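Participant: Structure below; questions to follow.
The values are calculated or read from the model by the stated rules, or taken from the named source; none is laboratory data. Please read these numbers as outputs of a predicted model, since none were measured by experiment. Don't worry about glycine lacking a Cβ; one is built from the backbone with ideal geometry, like all the others, and counts go over all protein chains shown.
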Amino acid sequence: MSEAFLKNFKNVINYQLQEMDSQIQLSLDDISCPDRAELGQNIDLLYMRIIRIALRDTFGSKLSNSILYESGKNFASAYFEIDTVEQLCAYLNQLMIGKIRIVSKDSSMVIFEEDECAVCSGLPEIGETLCSFECGFIAGGLMKITGKDVFVNETKCWGIGDSVCRFEANLMTKGTLDDRNYNVNTVDMIASLASKASIAIELNKELQYKNDIFSKQLELAQNIQKKIIPDSKTFNSEYYQFYSYLQPFRKVGGDFFDMFNVSGERMGVAVADMAGHGIDAAMITSMVKLILRHCSKSQGIMENPSRVMEYVENDINEVIPDTYFSMIYMLLDPVRQSIRYVNAGHPTPILYRKKQNLMQLLKTNMPLVGLNKYMNDQKFIQSSVLYEPGDQLFLYTDGIPETRNSRGEFFHINRMLDIIRKSAGMSIGEVGNNIIHELNVHRNAISQADDICLIGIQL
């Protein structure tokens with residue numbers, strides 16, 4: 001072994017000892033051990049067996065037996081007042097819930113037998129003894145009684161095909177159990193631990209490697225999505241001012257928006273919300289982005305909201321059939337002071353009419369993108385509405401009204417309407433910031449549960 005390994009191993013052992021010294025100590029009063037007169041379908045017996053089997057399956061029989069033996073020995077030494085062998089038998093009957101008796105006793109050996117051992121009776125033969133904790137308990141008890149070194153072997157057990165448990169306690173002059181014998185068990189324990197630790201280390205390395213790959217892929221996807229989401233500040237218009245806020249639930253998300261300069265100072269605005277979160281949803285947003293960009297390079301398409309939505313649905317269905325999401329595309333015309341739009345299952349946009357101090361909701365007029373193909377001769381129908389200069393338009397995804405607080409209450413569209421009304425006279429950026437601020441206040445310490453997108457347009 002290298003010096004570095006030994007030094008690290010020593011540090012691990014010292015840390016374990018320090019932890020044991022600092023942990024809260026329990027007494028017998030902290031443990032409920034009711035007397036039971038007979039065996040039966042008792043939940044305590046089930047737990048007793050489950051714990052031992054779990055130790056054996058986790059650490060192997062050699063290490064688990066060593067742990068249980070030392071635990072039993074320390075338990076008897078630390079928590080029980082044992083003055084006679086008969087008193088030890090009484091405690092064993094309580095622990096093992098059986099009928100223990102002394103077969104023979106002299107100055108060098110005490111032999112016990114247990115007829116109805118609750119620990120192992122009825123278990124299949126597995127080629128191993130199973131009552132290591134009880135062996136240790138006997139050793140600890142006899143050490144207190146005799147002041148001698150004691151080592152206990154289980155020579156009969158249900159685990160090795162017997163119908164009785166037999167414990168042979170060897171009594172030796174104190175100091176007889178030299179370091180050599182002790183170190184054999186210690187080395188076995190260390191070897192078992194090292195074997196398990198090495199498996200855990202390799203699994204952890206593999207997991208870390210895969211996690212690093214996924215993190216890099218996620219970072220790449222995040223960078224791509226940032227590039228496909230436009231900055232509303234870059235859209236300069238003589239007629240409109242823009243506000244945008246997009247916060248994915250994870251590093252990447254399924255909420256998406258885009259803006260387009262259309263001929264004659266007109267503006268196209270698209271907002272979509274994919275089902276789900278993460279990379280799969282982000283991939284679909286990227287496809288929608290490409291479809292919209294392709295439409296923007298084709299003469300006349302972006303001027304017709306119905307045609308835009310038809311292109312999106314047809315292209316998505318060709319590549320990823322049975323994909324459904326909400327989307328709205330609208331065309332803002334400053335000359336006609338009109339808004340033409342198709343709303344495919346998307347949350348209702350809010351048009352704030354400043355002069356009248358009224359809210360108009362631009363209702364959904366089509367089902368989700370992807371469902372239109374199931375409707376006979378159904379085409380995307382566009383709606384239109386007129387506006388006046390000074391009005392404000394708000395588009396958003398369901399992550400805003402469906403945000404919950406600690407009491408499970410939704411933020412709801414009504415809160416948005418109240419905030420917009422109270423923010424009358426403010427710029428579109430100030431109103432947008434007020435909505436997001438109140439949303440965060442509403443959510444408080446509750447983690448974000450969905451992507452959040454808000455678009456504001458000063459008309």
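Participant: From (1) within 41 Å of the chain's Cα centre (by Cα); (2) modelled with pLDDT of 90 or more; (3) among the β-branched types (Val, Ile, Thr); (4) over 22 Å from Cys295 (Cα atoms), pick out the condition that doesn't hold for Val385.
Facilitator: (1)
Participant: While we're looking at this one, here's another question. Can you find a residue in the stretch 309-319 that is more than 25 Å from Gly456 (Cα to Cα), aliphatic (A, V, I, L, M) and assigned by TED's automatic domain parsing to the domain that holds Ser427?
Facilitator: The answer is yes, given that some residue of the stretch 309-319 is more than 25 Å from Gly456 (Cα to Cα), aliphatic (A, V, I, L, M) and assigned by TED's automatic domain parsing to the domain that holds Ser427.
Yes/no matrix, rows are residues, columns are (1) modelled with pLDDT of 85 or more; (2) surrounded by fewer than 21 Cβ atoms within 10 Å (Cβ to Cβ); (3) assigned to a helix (DSSP H, G or I); (4) of a type in the set (Phe, Trp, Tyr):
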| position | (1), (2), (3), (4) |
| --- | --- |
| Ile53 | no, yes, yes, no |
| Ala76 | yes, no, yes, no |
| Asp83 | yes, yes, no, no |
| Gln94 | no, yes, yes, no |
| Ser107 | yes, yes, no, no |
| Gly122 | no, yes, no, no |
| Ile126 | no, yes, no, no |
| Phe133 | yes, no, yes, yes |
| Gly141 | yes, no, yes, no |
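Participant: What do you reckon, is Ala118 outside any helix (DSSP H, G or I), among the aliphatic types (A, V, I, L, M) and at pLDDT below 75?
Facilitator: yes
Participant: Separate question: Which one of Ser306, Ser326 is more than 12 Å from Lys373 (Cα to Cα), touching an Asp or Glu at 6+ places or on another chain (Cβ under 6 Å) and small (Gly, Ala, Ser)?
Facilitator: The match here is Ser326.
Participant: Condition first: part of a strand (DSSP E or B), surrounded by 24 or more Cβ atoms within 10 Å (Cβ to Cβ) and not charged (D, E, K, R). Now tell me which residues in the stretch 151-167 satisfy that.
Facilitator: If the condition is that a residue be part of a strand (DSSP E or B), surrounded by 24 or more Cβ atoms within 10 Å (Cβ to Cβ) and not charged (D, E, K, R), then Val152, Cys165, Phe167 are the ones that fit.
Residues are listed down the side, and each one gets a yes or a no for (1) part of a loop (DSSP other than H, G, I, E, B); (2) surrounded by fewer than 16 Cβ atoms within 10 Å (Cβ to Cβ); (3) within 40 Å of the chain's Cα centre (by Cα):
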site: Lys355; (1), (2), (3): yes, yes, no
site: Thr364; (1), (2), (3): yes, no, yes
site: Lys379; (1), (2), (3): yes, yes, no
site: Pro389; (1), (2), (3): yes, yes, no
site: Gly408; (1), (2), (3): yes, yes, yes
site: Met416; (1), (2), (3): no, no, yes
